[in-house]
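The values are calculated or read from the model by the stated rules, or taken from the named source; none is laboratory data. As the structure is a computational prediction, the values presented were derived from the model and not from experiment. Glycine also receives a Cβ, built like all others from the backbone with ideal geometry; neighbour counts cover every protein chain displayed.
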Amino acid sequence: MLGIKYVKFDSMTYVIHYKKGLEVKKGKGLAFYSSKRTSSIVAVPLGSSDIPFIFSETTSDFQSITVQGQISYQIEAPEKLSKLLDFTVDFDGLRKTSDEEKLEQRLVNEAQTATTSFIQSIVLTEAITNAKLIQQKIYEGISNSETTTSLGLKILSVNVIAVKPTPDMAKALETSTREKLQQEADEAIYTRRNFAVEQERKIKETELNTEIAIQEKQKQISQKKMEKEQLEQENQKKIRLMRINADIETEEIRKIFIKSKVENEKLLADSSKYKLEAGLSPYKEIDWKIISALNNNSAKNDIALAFRELAENAQNIQNLNISPELLNSLTQQIQK
């Protein structure tokens, strides 16, 4: 009834209570009684706030782009801000001015100012593919801005959501990109086919090299076999030659032995001959008939000697008569 009301603010609001133009109290989350006639209240929010932004720029190749994103900030010096912008509220907590919108617009303007020179120095394709770099430029520009410092603000983050060209240019870029991608796809197919051909060539070359290596190994094996056979033949030849030489040496030794044996036998025969001649020497002068008669005292020998004498002296005999009875008698004597 007297225009006095109990007002209360949360802990995320910095409050300055003025009475008759003088500060009565200030701080976070205050609660007090205030008169509508003599008091005014300034309430500055301390929590973080997000400001969406969208603005257009022109690239170095005179193409228009649209940069869209969001700025997150927090009021660090509420008393400094309250001296530059009006954050007065009524007893129901409603703001009496729209200075908070001014604050947001100033930050958007600072963001655009921070990127203007950079975007104007690059071409369209670089601009739409460097959102992160534009985001960094906006963050650095706002954080180091005198406006941000004078307002007592802290920039928490800047997010660039999209960097888009005009619809016509986007369509042209899509067509160009589509053709480029198709060309890259064709080149990839060509490269893949060439790679496949190259791999097949390498495989065939490897197979040929393997076959050549196998042939070379087989050739070496054949040469080794030939060398082995040749060595075996040479060894067999040497063995045969050794056997032949051994046989020759044996025959030579045998020849010497036979010669020695023949000489010995010859000497023995000469010795026997000498003995025989020595033994027969006394009988050389004796008639053989006498010797035969001495050695043979049988009747048949005597008869034989008699007939031999007759035969030897046949030219002196004119007539010889031998009767059957005599011949029969002689025959019987011989048989005896």
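Looking at segment 124-143, is at least one residue of a type in the set (Ser, Thr, Tyr) and farther than 20 Å from residue 57 by Cα? Yes. Would you confirm whether or not segment 285-300 contains a residue that is of a type in the set (Ser, Thr, Tyr), assigned to a helix (DSSP H, G or I) and modelled with pLDDT under 80? Yes: one or more hits. Of the residues examined, residue 151 is one that is farther than 22 Å from residue 177 by Cα and out of contact with any Phe, Trp or Tyr (no Cβ under 7 Å at 6 or more places or on another chain). Among the numbered conditions (1) free of Cβ contacts under 8 Å to residues at least 40 places away in the same chain; (2) surrounded by 12 or more Cβ atoms within 10 Å (Cβ to Cβ), the only one that residue 195 does not meet is (2). The condition of being assigned by TED's automatic domain parsing to the domain that holds residue 144, part of a helix (DSSP H, G or I) and buried (at least 17 other Cβ atoms within 10 Å of the Cβ) does not hold for residue 79. In the list 117, 121, which residue meets the criterion of being exposed (fewer than 12 other Cβ atoms within 10 Å of the Cβ), in contact with a Ser or Thr (Cβ under 8 Å, 6 or more places away or on another chain) and in the same structural domain as residue 72 (by TED's automatic domain parsing)? That would be 121, the only listed residue that is exposed (fewer than 12 other Cβ atoms within 10 Å of the Cβ), in contact with a Ser or Thr (Cβ under 8 Å, 6 or more places away or on another chain) and in the same structural domain as residue 72 (by TED's automatic domain parsing).
Here is a list of conditions, (1) in contact (Cβ under 8 Å) with a residue 40 or more places away in the chain; (2) of a type outside the set (Val, Ile, Thr); (3) more than 30 Å from residue 15 (Cα to Cα); (4) touching a helix residue (DSSP H, G or I) at 6+ places or on another chain (Cβ under 9 Å), and residue 68 meets all of them except one; can you say which number that is? The number of the failed condition is (4).
Okay, residues lined up against (1) surrounded by 12 or more Cβ atoms within 10 Å (Cβ to Cβ); (2) in a strand (DSSP E or B); (3) free of Cβ contacts under 8 Å to residues at least 60 places away in the same chain; (4) under 60 Å from the mean Cα position of the chain (by Cα):
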position: 10; (1), (2), (3), (4): yes, no, yes, no
position: 23; (1), (2), (3), (4): no, yes, yes, no
position: 26; (1), (2), (3), (4): yes, yes, yes, no
position: 34; (1), (2), (3), (4): yes, yes, yes, no
position: 37; (1), (2), (3), (4): no, no, yes, no
position: 44; (1), (2), (3), (4): yes, yes, yes, no
position: 53; (1), (2), (3), (4): yes, yes, yes, yes
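Out of the residues in segment 55-75 that are among the β-branched types (Val, Ile, Thr) and in a strand (DSSP E or B), state the one that is farthest from residue 160 (Cα to Cα). Checked segment 55-75; the qualifying residue farthest from residue 160 (Cα to Cα) is 75. Only residues that are more than 30 Å from residue 74 (Cα to Cα), touching a Pro at 6+ places or on another chain (Cβ under 8 Å) and in contact (Cβ under 8 Å) with a residue 60 or more places away in the chain were counted in segment 137-185, giving 0. In segment 121-147, the residue that is nearest to the chain's Cα centre (by Cα) out of those that are among the hydroxyl-bearing types (Ser, Thr, Tyr) and farther than 16 Å from residue 70 by Cβ is 129.
For segment 12-21, the set of residues classified as part of a strand (DSSP E or B), of a type outside the set (Val, Ile, Thr) and within 15 Å of residue 75 (Cα to Cα) consists of 14 only.
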